[in-house]
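None of the figures in this text is laboratory data; all of them are computed from the coordinates on show. The model shown is predicted, which means the values in this text are computed figures rather than measured ones. Ideal geometry is used to build each Cβ from the backbone, glycine not excepted, and the neighbour counts take in all protein chains shown.
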Amino acid sequence: MILKEEIEKRQAKQIESLRSYAMKKAKEAAILLKEKYGAKRVILFGSLCRKGYLHERSDLDLLVEGVKTADILRAGFEAWMVAEPFDVDIIPIEIAEEKIIKIAFEEGIEL
């Protein structure tokens, strides 16, 4: 039992370290989106905001407001480069489904 508890503690510590690193990368992506692409608001939501399981291939879900439609692909690519090794999903609030907006506002973190 002691071995199992130690393994669980180690895994929890690794997940928390990964969560902290992912949050740092999400903030860096938000700064880029605001400074370079004029985002008025960037809200992180999804697995990173929940206390559930997180892994190296988890992505960063960002609901963004104010990025021009013509700039979304370029902004998404640059945010992905900044947030590497995490994938980034940018969802413009202007065209997002109401369900996504509701989830982001309820559980998300404004960056």
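Taking neighbour counts of Cβ atoms within 10 Å as a proxy for exposure, in what order, fewest first, do Ile2, Ile15 appear?
Ascending Cβ contact count within 10 Å gives the list Ile2, Ile15.
Take every Cα pair under 8 Å in the chain that's 6+ residues apart, average their separations, divide by the length, and report that relative contact order as a whole percent.
Relative contact order of the chain: 31 percent.
Do the sum for the chain: with -39,500 (n - 2.57) for every DSSP H run of n ≥ 4, divided by all residues, what is the mean residue ellipticity at 222 nm, to the nearest 500 deg cm²/dmol?
Mean residue ellipticity, 222 nm, calculated: -18000 deg cm²/dmol.
What is the angle, in °, between the Cα long axis of helix 98-107 and the longest principal axis of the Cα atoms in the chain? Nearest 10 is fine, range 0 to 90.
For helix 98-107, the angle is close to 50 degrees.
Measure nothing fancy, just the Cα-based angle from helix 2-37's long axis to the longest principal axis of the chain, in degrees from 0 to 90, nearest 10.
10 degrees
If the limit is 19 Å between Cα atoms, which of Lys24/Lys99; Lys13/Lys51; Lys24/Lys102 go over it?
Violating the 19 Å limit, Cα to Cα: Lys24/Lys99; Lys24/Lys102.
Among Phe77, Ile93, Leu3, whose Cα sits farthest toward the positive end of the charge dipole of the chain (+1 at Cβ of Lys/Arg, -1 at Cβ of Asp/Glu, about the Cα centre)?
Leu3
Write out the GluC sites (Glu not before Pro) in segment 11-111 meeting two conditions: DSSP loop, and at most 15 other Cβ atoms within 10 Å of their Cβ.
Filter output for segment 11-111: Glu56, Glu94, Glu97.
Take every DSSP beta bridge whose two residues both sit in the chain, then give the antiparallel share in percent to the nearest 5.
Antiparallel bridges: around 55 percent, rounded to the nearest 5.
Within the chain, which is the longest segment that contains none of the trypsin sites (Lys or Arg not before Pro) sitting in a DSSP loop with at most 16 other Cβ atoms within 10 Å?
69-111
Determine which aspartates and glutamates satisfy two conditions relative to Lys40: a Cα distance under 16 Å, and not lying fewer than 8 residues away in the same chain.
Candidates past the 8-residue exclusion: Glu28, Glu65, Asp71, Glu94, Glu110.
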